[in-house]
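Following: one structure in structure tokens, then a few remarks.
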Amino acid sequence: MIARILYRNNVQGVLNYVLGKADNTILGFQNTYSDTDTNTEFFGRVLYYLGNRHDSEKRYVHATINLPRGEQLDDKDFFELSKAYMEHMGYGEQPFIVVRHCDTKHEHVHIVSTTIKEDCLQINLSNDFRRNVAAQKYLEKQFGLSPSPDMRQEKELPIYRIPQFKNEDVKGVKFYLQDIVNNTLQKYKVRSFKELSEFLRPHHIQLRTVNHNGRIGVSFGIEVKDGYRSRFINGYTVHSQLSGPKLQKVFELNQKSKLLPMVKKRLEKQLRTTFGLFRTIGPEHLPDILRSHQKLDCRLNYDGQGKAVDFSIYDKSGYVLNSKEMEKDIGILENPELFESEYTQMYAESVQLQLELQRCIKEAYRSSYQDSWNRTLFSEHIIRMPIKSIVTEMAKSERFRFLRKYLHTDNRNLGDLIQLQFDIVKDKLYNMESIREERELQAKAGLIKQVIDKQLFDPPGQREFLFELLKSLGTKYDRGILTYANSYQYGVKLDLGHEPIPNQNEFYASPGFMKENQKVLDGLMNDRTAKEIGLRPTSMFLPLMFPNLYQTMSKSYRQMFDRLSLKAFHKYAERMQVSFEKSPNDYITFFNEKGFYFEKREGRLCIGSIYSKYPVDVLLSLKTQAYLESSNDLNKTLENQAKILEDIATNEQDNLKNLWSTFLIERGQYKKASYLFVLDGARPNLPIEILEHHMENGLREALHTVAKIQIDRKQANLLRIGVYALGNLLGSDNPKPEEAFNGFKDELTDYSKYKGKGLSM
């Protein structure tokens with residue numbers, strides 16, 4: 001399901017729209033004298049008078065709840081779903097109406113209410129986005145509905161049914177126009193009235209412009225069921241922000257934006273790169289090629305004879321660029337040799353294909369290294385990997401599959417092409433990595449020197465734990481030379497005296513944790529912020545991986561570390577639990593169950609952790625604080641924290657190993673968490689409802705599987721390597737993919753967070 005909530009400063013237009021649609025069904029009223037028999041005129045007056053007790057611009061609320069195509073609820077269940085949603089959003093005691101519409105391909109309801117209470121105070125609207133997501137995710141589970149999509153791959157322009165307005169229903173038409181036009185201006189960086197008109201056409205909206213002595217007037221009209229059009233309504237009448245001059249200003253801002261030439265330059269480069277691969281491209285294949293190779297959304301434009309004459313790119317930035325707007329040699333008609341054939345064939349001798357194969361080989365080297373659990377350096381891995389293994393790894397990548405699809409050649413010729421590029425990449429990559437690794441070792445030596453000079457450890461045991469530091473950085477020291485722990489390929493002179501190497505307990509820490517540890521230590525030595533360090537939530541577990549190092553840190557540095565890591569983990573944990581929250585109280589309770597607590601300090605709410613060696617806290621953002629303070633039971637919830645934390649300590653789960661188990665489960669690493677459960681007896685610190693969710697989604701099966709395995713000591717050691725390796729837990733540094741379109745999304749019900757893009761109403 002998708003829930004969307006908007007605020008208005010008047011209610012009459014909303015009600016006219018909601019109640020004026022053909023085939024609408026009033027499912028019921030709430031908090032009026034009758035849930036089913038309330039007169040709509042009476043209800044409208046109730047909302048009007050309540051709303052006018054406050055001068056807020058957000059005095060009325062209009063919510064929609066949308067089901068995926070193919071899923072249905074009967075009227076009774078849909079009404080119950082609507083009531084539950086309003087309860088979670090804080091409108092449980094407000095009067096509201098629920099109306100079901102059947103004018104789109106998916107089932108949906110509209111809910112109209114007011115944000116003003118009987119005591120003339122407004123409902124707390126802070127963090128309504130978070131509450132909306134939380135309510136949506138919770139109700140999906142309660143009512144057995146499909147979850148809303150998280151990612152967008154393509155932007156579609158669905159064709160809607162012709163709206164069923166009566167010609168005289170001006171207010172309903174106005175409200176429809178407001179929603180569609182405003183949504184379009186927020187989704188796309190529109191640059192002209194012509195472009196806006198193209199976007200509105202699939203929604204059966206026509207746009208007219210008139211030039212009055214240089215001043216542009218605009219009006220909108222909409223088709224109705226019988227084929228007639230509503231009379232055209234002046235843009236200013238639709239909404240003050242939709243007048244001709246106001247729209248013109250928006251277009252000019254988008255046209256003059258510094259982003260536009262950057263987008264155009266990037267797209268031209270992407271297109272030239274792709275075109276350089278091909279001898280011929282069948283125009284009908286172009287959208288698939290650009291989608292597969294560059295992740296670009298391409299739409300072909302046709303002439304009167306149905307021939308593709310140019311194309312438009314719907315860029316992730318919001319700009320829509322026609323091929324005619326780019327350099328002359330980009331378009332279809334301007335490249336007859338490239339686009340003259342109906343067939344698509346890649347140019348096997350092209351320089352671009354060589355570069356693409358080189359990129360595939362590089363990716364194969366890196367992915368095989370990450371998956372190998374190889375403790376050697378990457379440069380050594382490059383030397384040892386044979387071409388056969390690299391080709392096997394290449395075959396797994398989307399990039400290589402794209403090349404194979406359009407490269408019409410046999411395996412022998414393809415093998416020759418790969419062999420030629422393999423030797424080039426191997427030498428180049430080895431030299432590059434060798435230089436990087438040598439510089440990295442020098443940086444580690446400099447960091448070790450800094451740590452000693454700035455007295456990271458408490459005296460007098462500083463020297464005793466020096467070699468724990470070496471281990472945490474993936475290095476070792478012998479006779480004045482610092483080397484990598486897994487290689488003697490490089491060496492850096494470093495004077496650490498003649499202290500003997502103490503006995504060290506064996507505990508596996510992955511290269512990922514060593515890298516994170518190096519970032520943290522460098523940040524501590526140079527007094528950097530969490531943002532400057534680029535700290536990840538996994539930094540929270542560094543004391544688990546390197547206990548001796550962090551236990552002996554001087555108090556000031558340890559407090560600094562605890563504060564930085566707590567801040568990074570808090571942001572992560574917020575995102576992970578939002579799907580399960582039903583209220584601000586849940587926000588606090590869920591953190592409590594993980595071993596975190598909240599307290600008020602000088603009027604501000606702070607978060608602390610039972611895992612910190614010394615008491616530290618991090619201030620919550622003002623927005624989050626307002627969200628928590630919207631709860632009537634905040635003080636009671638804060639008082640209940642002590643009991644939850646006491647239970648964690650009583651069960652001996654107040655250690656980072658249990659929190660690591662929690663982290664693995666939340667990231668879907670069920671098998672790793674199960675091994676941790678079996679090998680080390682770790683138990684996740686999770687509230688029962690979230691744990692049950694993961695049990696149903698694969699954790700139970702993983703526990704059963706692992707419990708049946710007879711594990712000897714050698715296997716246990718190998719499994720621990722997997723349990724305490726970061727792998728894909730560190731995430732990716734690549735830009736986030738676009739939000740995915742699914743079947744029941746459209747312009748009216750597209751659930752997104754509006755942040756001042758285009759016009760705001």
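Just a few scattered comments:
- Conditions (1) in a loop (DSSP other than H, G, I, E, B); (2) touching a helix residue (DSSP H, G or I) at 6+ places or on another chain (Cβ under 9 Å); number of the one not met by L429: (1)
- Qualifying position, being assigned to a strand (DSSP E or B), touching a strand residue (DSSP E or B) at 6+ places or on another chain (Cβ under 9 Å) and not acidic (D, E), among R208, R231: R208
- Condition check for E41: in contact with a strand residue (DSSP E or B) (Cβ under 8 Å, 6 or more places away or on another chain) and modelled with pLDDT under 90: no
- Selection status of Y85, hydroxyl-bearing (S, T, Y) and closer than 17 Å to V11 by Cβ: no
- Qualifying residue in region 113-123 (condition: under 21 Å from L139 (Cα atoms), of a type outside the set (K, R) and outside the structural domain of E223 (by TED's automatic domain parsing)): yes
- Options Y488, Y477, Y484; residue that is farther than 19 Å from I435 by Cα and at pLDDT 85 or above: Y477
- Evaluation of K582 against (1) charged (D, E, K, R); (2) more than 17 Å from S631 (Cβ to Cβ); (3) under 25 Å from the mean Cα position of the chain (by Cα) (one fails), failing number: (2)
- Residue list for region 287-306, filter: in contact (Cβ under 8 Å) with a residue 40 or more places away in the chain, closer than 20 Å to K324 by Cβ and not charged (D, E, K, R): I289
- If you go through region 588-612 and keep only what is part of a strand (DSSP E or B), farther than 17 Å from L622 by Cα and of a type outside the set (A, V, I, L, M, F, W, C), you end up with Y597, S609.
- K249, sole failed condition from (1) part of a strand (DSSP E or B); (2) closer than 30 Å to R208 by Cβ: (1)
- Answer residue from region 252-272, given it is of a type in the set (S, T, N, Q) and assigned to a helix (DSSP H, G or I) and is surrounded by the fewest Cβ atoms within 10 Å (Cβ to Cβ) among those: Q255
- Within region 528-579, the only residue that satisfies the criterion of being surrounded by fewer than 17 Cβ atoms within 10 Å (Cβ to Cβ), closer than 19 Å to L619 by Cβ and more than 28 Å from the chain's Cα centre (by Cα) is Q559.
- Number of residues in region 575-587 that are assigned to a helix (DSSP H, G or I), touching a Phe, Trp or Tyr at 6+ places or on another chain (Cβ under 8 Å) and more than 17 Å from Q641 (Cα to Cα) equals 3.
The values are calculated or read from the model by the stated rules, or taken from the named source; none is laboratory data. Just so we're clear, the structure is a prediction, and the values are computed from it rather than from any experiment. Note: ideal-geometry Cβ built from the backbone for every residue, glycine included; neighbour counts use all protein chains shown.
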